[in-house]
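Asks: Please read through the structure below; I'll follow up with questions.
The values are calculated or read from the model by the stated rules, or taken from the named source; none is laboratory data. Computed from a predicted structure; not experimentally measured. Using ideal geometry, Cβ is built from the backbone for each residue, glycine included, and neighbour counts are taken over all protein chains shown. Ligands, DNA and RNA are stripped out before the accessible areas are found, and what is left, the full protein with its side chains, is counted by its heavy atoms. Shrake-Rupley method; radii C 1.70, N 1.55, O 1.52, S 1.80 Å.
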Amino acid sequence: MLAADTHGFLSPTGVEITFLLVGLVTLGAALVTVTTRQLVHAALWLVVTLGGLAVEYLLLTAEFIAWVQVLIYVGSVVVLLLFGLMLTRAPIGRSPDADSGNRWVALGVALTAATALIWVVVDAFRTTWIDLDGAPAGSTEVTGKALFQNWVLPFEALSVLLLAALVGAIVLSRKAKADAPPTAGGGAGPDGGGAAQADKEGAR
């Protein structure tokens, strides 16, 4: 509450103004990510969105979480997404198939989720102020203690969920390869099998 005595909402500091501006840029990049029809552009705007979140963490004195955001999400997940687009030979230009007909339903669900999240966060931290000049609250030591003392079960549950998603993706990929039609030169197809049988009878 020390910071609350020095300034209020009508006298924001430079850090608070920067936080608001970066938040607006991040929000705009997120909207472009989910509305563009070009997959590569969506991946690149996702980099901007996640990078903006990392800057927000830095402004909240959570340096450890900010660098984890950069290394894992920006440096790994987005690069993996781009490699997946290149290896699967996804279309680089506009992709009309990437647009769903349930746009208004998705918009309603997104607005409802955003409203609920904003209400929960504002209600939980209504009178909480972060003292930016005090001891760092987002250091490795503080984050590690909070994670492995208070959030061990959700952390492990998330690990199992990600592992299940990875196994499911592998299973679906193998099934898609098994259901793929044979090549033109193979004998497993109807024409290839008939031609091979005719050659055998001709040889007899």
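Asks: Within the bounds of segment 53-76, is there any residue that is surrounded by 18 or more Cβ atoms within 10 Å (Cβ to Cβ), in contact with a helix residue (DSSP H, G or I) (Cβ under 8 Å, 6 or more places away or on another chain), outside any helix (DSSP H, G or I) and at pLDDT 75 or above?
Replies: Yes, segment 53-76 contains a residue that is surrounded by 18 or more Cβ atoms within 10 Å (Cβ to Cβ), in contact with a helix residue (DSSP H, G or I) (Cβ under 8 Å, 6 or more places away or on another chain), outside any helix (DSSP H, G or I) and at pLDDT 75 or above.
Asks: Checking Val25 against (1) out of contact with any Gly (no Cβ under 8 Å at 6 or more places or on another chain); (2) over 30 Å from Gly144 (Cβ atoms); (3) surrounded by 12 or more Cβ atoms within 10 Å (Cβ to Cβ); (4) at pLDDT 90 or above, which test does it fail?
Replies: For Val25, the failing item is (1).
Asks: With over 16 Å from the mean Cα position of the chain (by Cα), of a type in the set (Ser, Thr, Tyr) and either modelled with pLDDT under 90 or farther than 30 Å from Ala146 by Cβ (or both) as the only criterion, which of Thr33, Thr88 stands out?
Replies: Thr88
Asks: Given the conditions (1) at pLDDT 65 or above; (2) touching a Ser or Thr at 6+ places or on another chain (Cβ under 9 Å); (3) open to solvent by 60 Å² or more (accessible area, probe 1.4 Å), which single one is not true for Val167?
Replies: (2)
Asks: Then there's this: Of the numbered conditions (1) of a type outside the set (A, V, I, L, M); (2) open to solvent by 70 Å² or more (accessible area, probe 1.4 Å); (3) out of contact with any Lys or Arg (no Cβ under 7 Å at 6 or more places or on another chain); (4) at pLDDT below 75, Arg94 fails exactly one; give the number of that condition.
Replies: (3)
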